[in-house]
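Structure first, then comments.
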Amino acid sequence: MEWVRRRARREPVAYIIGRKPFRTLELEVDPRVLIPRPETELLVEAAVELADIGARVHDVGTGSGAVALAIADERPGLRVSASDRSQDAVDVAQRNAQRLGLPVEVTCASGLPEGEYDLVVANLPYIREDEWDGLAPEIREYEARDALVAGEDGLDEIRALVADTPRGTLLALEHAPDQDEAVRKMLADATTREDLAGRARVTIGHVP
Ligand SMILES: C[S@@+](CC[C@H](N)C(=O)[O-])C[C@H]1O[C@@H](n2cnc3c(N)ncnc32)[C@H](O)[C@@H]1O
């Protein structure tokens, strides 16, 4: 009955039950991390296709660990690592990695940690400041604003990551459907992938 009461107050089901399926995995989630979204599965799909065996793949802003853990699960031949600026998120991601028995090292860092990577993937915050008030109560009242919002045009975090990443590195970035052109302009040889509804969702390219 308590669960029904919580849901009636618009708390997301994933926080109530403490779990969320993502690709082949069942992740533990709680309010310390964003609930992984179905559209983010496209980012995993791209990474799994793009990375050759042995490639070093890093997930920036990993939250629950969803993207990094799904990649490691689907392509055991890759060397996958992940990071988040929130120590709370790192704790959740490490616990998920341990529980699922996946060899992903998760560290606390703002931006891209020093190291050499063949592919960097990220689902960073990309919501515009002025969009926040219009979001559903499930999001506004239960998920962390700073895990979702990134400045006036929503691109502050993506711009900072591109600026932080060594030249020539391959980047795969999730973004809002109307940000594809802006993100393509930040990268060289950029291409954008669409989700099943035909919305531009993931842009891939090299850091110029
Ligand atoms: C939109 S959530 C996505 C979480 C996860 N990647 C997913 O897809 O479920 C963004 C995450 O990025 C982290 N983050 C935001 N800015 C960051 C930065 N500059 N460096 C590292 N992590 C960052 C937040 O703490 C949050 O966990």
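With r as the distance between the Cβ atoms of Q87 and M1 and R0 = 41 Å, compute the FRET efficiency 1/(1 + (r/R0)^6) and round to 0.05.
0.75
If I take the Cα coordinates of the stretch 143-208 and project them onto the principal axes, what are the three extents in Å, biggest first?
34, 29, 17
D118 versus T169, label points 7 Å from Cα toward the beta carbon: distance in nm?
1.6
Have a look at M186, P125, A136 and report the one farthest towards the positive end of the charge dipole of the stretch 116-208, computed about the Cα centre with Cβ charges (Lys/Arg +1, Asp/Glu -1).
M186
Given only helices, namely DSSP H runs of n ≥ 4 each adding -39500 (n - 2.57), what is the per-residue ellipticity at 222 nm of the chain, to the nearest 500 deg cm²/dmol?
Calculated at 222 nm, the ellipticity per residue is -8500 deg cm²/dmol.
Projected onto the charge dipole of the chain (+1 at Lys/Arg Cβ, -1 at Asp/Glu Cβ, origin at the Cα centre), which of T62, A47, P76 gives the Cα projection farthest towards the positive end?
Positive-end residue among those listed: P76.
For the chain, the longest stretch holding no GluC sites (Glu not before Pro) located in a DSSP loop with at most 14 other Cβ atoms within 10 Å is which?
That gives 1-113 as the longest site-free run.
If the only charges are +1 at each Lys and Arg Cβ and -1 at each Asp and Glu Cβ, what is the size of the charge dipole of the stretch 5-118 around the Cα centre, to the nearest 20 debye?
Taking the Cα centre of the stretch 5-118 as origin, the dipole is about 860 debye.
Report, to one decimal in Å, the Kirkwood hydrodynamic radius for the stretch 1-43 based on all distinct Cα pairs.
Here the Kirkwood hydrodynamic radius works out to 11.2 Å.
L135 versus E152, label points 7 Å from Cα toward the beta carbon: distance in nm?
It works out to 2.1 nm between the two label points.
Can you give me the accessible area per residue for the chain, using a 1.4 Å probe, in Å²?
With the other protein chains kept in place, the chain gives 49 Å² per residue.
Along the three principal axes, how long is the stretch 1-114 when you take its alpha carbons, biggest first, rounded to the nearest angstrom?
49, 26, 23
With only Lys, Arg, Asp and Glu charged, each at its Cβ (+1 for the first two, -1 for the last two), find how big the charge dipole of the chain is about the Cα centre; round to the nearest 20 debye.
Value, rounded to 20: 560 debye.
What's the Cα-based Rg to Rh of the chain, Rh via Kirkwood?
Value, to two decimals: 0.95.
Of all accessible surface on the stretch 131-208 at a 1.4 Å probe, what whole percent is carbon and sulfur?
Carbon and sulfur: 47 percent of the exposed surface of the stretch 131-208.
The values are calculated or read from the model by the stated rules, or taken from the named source; none is laboratory data. Computed from a prediction, not measured in an experiment: that's the story for all the values here. Ideal geometry is used to build each Cβ from the backbone, glycine not excepted, and the neighbour counts take in all protein chains shown. Only protein heavy atoms, including side chains, enter the accessible area calculation; ligands, DNA and RNA are left aside. Shrake-Rupley method; radii C 1.70, N 1.55, O 1.52, S 1.80 Å.
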